[in-house]
Amino acid sequence: MRIVLFLLTVFCLTGCYEPTPGCLDTRATNFDLDADEACPDCCTFPQLRVRFNNIWTYQDTAISLRLDTFFHDVNNNPFRLQRIRFYWSDLQLNLSDGTTLEITDSLDISIANGSDTSMIYVRDDYLLADIDRATRNITLASIETSGMLASLSTTFGIKEPVNSTVTTSVSTSHPLAPQSGQMNLGATAGYIFAKIEYFQDTTSIDTIPRVINIFGSDFLRELQLDLPTPTTFIEGFDPILVIENDVSRWFTGIDVRQADTIALKNQFVDNLTQSFTLLEVLAQ
C-alpha cells in the first residue's frame, strides 16, 4: 500500500511540474536565471552605443570642443565652427581571439537604379555623427556581445549599393533618412559622407557658413581603431564605445579660405581618418 501511495505521489508531482520559460542566453539583457526552459525568440540583446568625446588640441593641451569660440588655421586666419556631420558604416568589433562581432539587426531599403528601384536587405550598421557639441551619444542596433574587444573597424562613408538608397524608404529616425541641411544629393551622387560648416571670419557680420561637402567613392576610407588594452565585454549590458575625436586634426594644414577643390577635400579626409581614438568600452 505504501509503495502504491509513493508511486502515485511521484507521478502526481512529475505530471504537475510546469517548467518556467525564459531567456537562457547569458549575452541577452533579459537573461532569466530562474528559467529552466528556453522561450522562442524572446531574448533581447544589447544595443551598441558610441560616445564621441569631441576635443580641440592647442599645442599639447586638449580641451572640450566649444563652438562659441574661434580657432586659427595653418595661416593663422581665425575662423568659427558651425557644425560637422559624417557617416560611418560597416561597423565591426574585433575580438582578441581573432573573431568578430557584427550588428545583428537588419534593414529593408529601396535602391535607385536609373528610373527603377529595387528592395535589398542589409545589416543595419549605419551611423550619422553630428559634431555640434563636446559630447555626442549615438545608439545603434543590437549586437550579441561576448569575449574580449580589441578594436573597432568601420568605413568612413557609405558604399554602393546602399549609397543609392531612396531616402524616403527608411524610417524618419534612421541615419539614412532625409536630414535637415541635406545629407544626400540624390540617387546619382548619393550621401554626403562629411559636411563641414564653418565661418571664414570671426566678425558678427559673417552669418553665412562655408559648407564643404565630401561625397563619392573616391573618398571612402577604411578605419581601424585599436583599444589601448583589450577589454572583456560584460554580458547582458549595452556596450558603449568611447571614441575621442580631435577636431583640430581635421584642420591640420588647412587654409580655411582656400578654394573648395578636390585637393582640399582629400586633405580633410586624410586628416579626419587620423582624428579618432578608441579610448575604452563601458557597460550600461
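The values are calculated or read from the model by the stated rules, or taken from the named source; none is laboratory data. Computed from a predicted structure; not experimentally measured. Cβ coordinates were reconstructed from backbone atoms using ideal geometry, including for glycine residues, and neighbour counts include every protein chain displayed. For accessibility, only protein heavy atoms count, side chains too; no ligands or nucleic acids. Shrake-Rupley method; radii C 1.70, N 1.55, O 1.52, S 1.80 Å.
What's the FRET efficiency of Leu33 with Asn137 using the Cβ-Cβ distance as r and R₀ = 35 Å, to the nearest 0.05? Working from the Cβ atoms, E equals 0.75. Using the Cα gyration tensor of segment 160-284, with a ≥ b ≥ c the square roots of its eigenvalues, what is the shape: rounded (a/c below 1.5), prolate (a/b larger than b/c) or oblate (neither)? Oblate is the answer for segment 160-284, as a/c is 1.5 or above yet b/c matches or exceeds a/b.
If the segment from Thr203 to Leu185 were pulled out straight at 0.36 nm per residue, it would be longer than the present Cα-Cα gap by 3.4 nm. Between 0 and 90 degrees, the angle of helix 262-272 with respect to the longest Cα principal axis of the chain falls at about 40 degrees. In the context of the full protein assembly, Lys159 retains an accessible surface of approximately 80 Å², using a probe radius of 1.4 Å and ignoring ligands and nucleic acids. Computed from label points 7 Å out along Cα-Cβ, the spacing between Phe237 and Ser171 is 2.6 nm. Projecting the Cα atoms of Ile214, Ile111, Ser164 onto the charge dipole of the chain, computed from C-beta unit charges around the Cα centre, puts Ile214 farthest toward the positive end. Between Thr104 and Ser142, Ile143, Glu144, the built amide H atoms are under 5 Å apart, and every one of these is 5 or more places off in sequence or on another chain. For the chain, the 222 nm mean residue ellipticity estimated from helices alone, with every DSSP H stretch of n ≥ 4 adding -39500 (n - 2.57) and the total spread over all residues, rounds to -3000 deg cm²/dmol. Over the chain, accessible surface divided per residue gives 52 Å², non-protein components excluded, 1.4 Å probe. Computed in the context of the full set of protein chains, the accessible area of the chain at 1.4 Å probe radius has 52% of its extent on carbon or sulfur. Put a dot 7 Å past the Cα of Asp270, heading toward its Cβ, do the same for Arg51, and the two dots end up 3.4 nm apart. Take Thr202: with every protein chain present and a 1.4 Å probe, its accessible area is about 50 Å². Report note on the peptides 63-69, 214-220, 227-233: ranked by the mean count of other C-beta atoms within 10 Å, highest first, their order is 214-220, 227-233, 63-69. A simple charge model with +1 on the Cβ of Lys and Arg, -1 on the Cβ of Asp and Glu and nothing else charged puts the dipole of segment 77-176 at about 620 debye relative to its Cα centre.
Shown are Thr172, Thr100, whose ranking by accessible area with a 1.4 Å probe and every protein chain present, most to least, is Thr172, Thr100. Sorted largest first by accessible area at a 1.4 angstrom probe radius, with every protein chain in place, the residues Cys23, Cys39 fall in the order Cys39, Cys23.
For the chain, the equivalent ellipsoid built from the Cα gyration tensor has semi-axes of 49, 23, 15 Å, listed from largest to smallest. If only the Cβ of Lys and Arg carry +1 and only the Cβ of Asp and Glu carry -1, the dipole of the chain around its Cα centre is close to 740 debye. In the context of the full protein assembly, Phe45 retains an accessible surface of approximately 40 Å², using a probe radius of 1.4 Å and ignoring ligands and nucleic acids.
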